[in-house]
1. Might you check whether a residue that is hydroxyl-bearing (Ser, Thr, Tyr), outside any helix (DSSP H, G or I) and away from the ligand (no atom under 12 Å from the Cβ) occurs anywhere in the range 101-109?
2. Need the failing condition index for ARG64 against (1) near the ligand (Cβ under 10 Å from one of its atoms); (2) part of a helix (DSSP H, G or I); (3) among the basic types (Lys, Arg), just the number.
3. Under the condition of being touching an Asp or Glu at 6+ places or on another chain (Cβ under 6 Å) and more than 9 Å from the ligand (Cβ to nearest atom), which residue from the range 9-40 is nearest to GLN215 (Cα to Cα)?
4. For the range 1-30, which residues satisfy the criterion of being of a type in the set (A, V, I, L, M, F, W, C) and at pLDDT below 95?
5. Take the conditions away from the ligand (no atom under 16 Å from the Cβ), without any contact (Cβ under 8 Å) to a residue 60 or more places away in the chain, in a helix (DSSP H, G or I) and buried (at least 20 other Cβ atoms within 10 Å of the Cβ) and apply them to ALA171. Does it pass?
6. Kindly establish whether ALA130 is free of Cβ contacts under 8 Å to residues at least 60 places away in the same chain and either within 13 Å of the ligand (Cβ to nearest atom) or among the aliphatic types (A, V, I, L, M) (or both).
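The values are calculated or read from the model by the stated rules, or taken from the named source; none is laboratory data. Please read all numbers here as calculations on a predicted model, not as lab measurements. Reconstructed Cβ throughout: ideal geometry from the backbone, glycine too, with neighbour counts over all protein chains shown.
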Amino acid sequence: MSEKKKIVWLTGASSGIGRSLTKVFLEKGANVAASSRNIELLNRLADGYKNLEGEFLPFQLDVRNSKDVLKLAARLNKDFEIDCLINNAGITKFASADETTIDEVDDIISTNLLGSIYAAKASLPFMKEAGGGTIINIASVAAEKVFKASSVYAASKSGMATFAKVLREEAREDNIRVINIYPGAARTPIWDNEVLEKKSELMMSPDDVAEFIFQIYANKANMIAEEVTLRPITGDL
Ligand SMILES: NC(=O)c1ccc[n+]([C@@H]2O[C@H](COP(=O)([O-])OP(=O)(O)OC[C@H]3O[C@@H](n4cnc5c(N)ncnc54)[C@H](OP(=O)(O)O)[C@@H]3O)[C@@H](O)[C@H]2O)c1
């Protein structure tokens, strides 16, 4: 049994769902290693987390850089037990396949798909060593249902989810839980302002999404919600 304090490592913590997850997990007493590229923003957010139960540790990390991802996992493992990894960092481009540039393709696949695989691979040996852990992947309903103008994003998210499904079977014997969350539209800056202005009433609140994910994480019964789709009651946009 590890003597180290447990920590939840969350990628893409500076905005949207990641920002809400940070707050909710800290409120519930979890220590959170919050990573994203914009460290200034994470540092500014730190003030608001001061009085919450858990400890907030901000880290600059671009998940596209595999070496940096491995380095951060090792650094966290020195002082903490990585109890949970939340692969949340993600980007999109609402454009047809034809209109999406090769640079945009590289960016979306490197961030959403490769970044999540790097972080899972970086955490796995430490989770195994500690006797277990949880990996939560924030995929998307676009991995399950066809929406036009999101082919590369859908490819990245279905790749992420399928990687995780295989990992889940491999990691069961190490007491590692692998959970895929497929959110529908949530009110975050991933959407253009114009869409937010017109449709935000129909979108889920990122705080509600974060609360629900915390409940799934916190359920330590001998069962697991492996594949979870979250949609606004009114359905997809
Ligand atoms: N909002 C929705 O409707 C919705 C629906 C389904 C799924 N999702 C998924 O939910 C996750 C969070 O999205 P969101 O809606 O909260 O979007 P968001 O507000 O734009 O936040 C995205 C987060 O990802 C981080 N990020 C982007 N590229 C990164 C990189 N290369 N390395 C590290 N961090 C990076 C950003 O931080 P930095 O810029 O500081 O790096 C930011 O914190 C994404 O995976 C998204 O695909 C969202």
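1. The answer is yes, given that some residue of the range 101-109 is hydroxyl-bearing (Ser, Thr, Tyr), outside any helix (DSSP H, G or I) and away from the ligand (no atom under 12 Å from the Cβ).
2. Single failed check for ARG64: (2).
3. Here the answer is VAL24.
4. Selection gives MET1 alone.
5. It is true that ALA171 is away from the ligand (no atom under 16 Å from the Cβ), without any contact (Cβ under 8 Å) to a residue 60 or more places away in the chain, in a helix (DSSP H, G or I) and buried (at least 20 other Cβ atoms within 10 Å of the Cβ).
6. no
This table checks each residue for (1) surrounded by fewer than 21 Cβ atoms within 10 Å (Cβ to Cβ); (2) of a type in the set (D, E, K, R).
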site: ASN112; (1), (2): no, no
site: ALA120; (1), (2): no, no
site: LEU124; (1), (2): yes, no
site: GLU129; (1), (2): yes, yes
site: ALA142; (1), (2): no, no
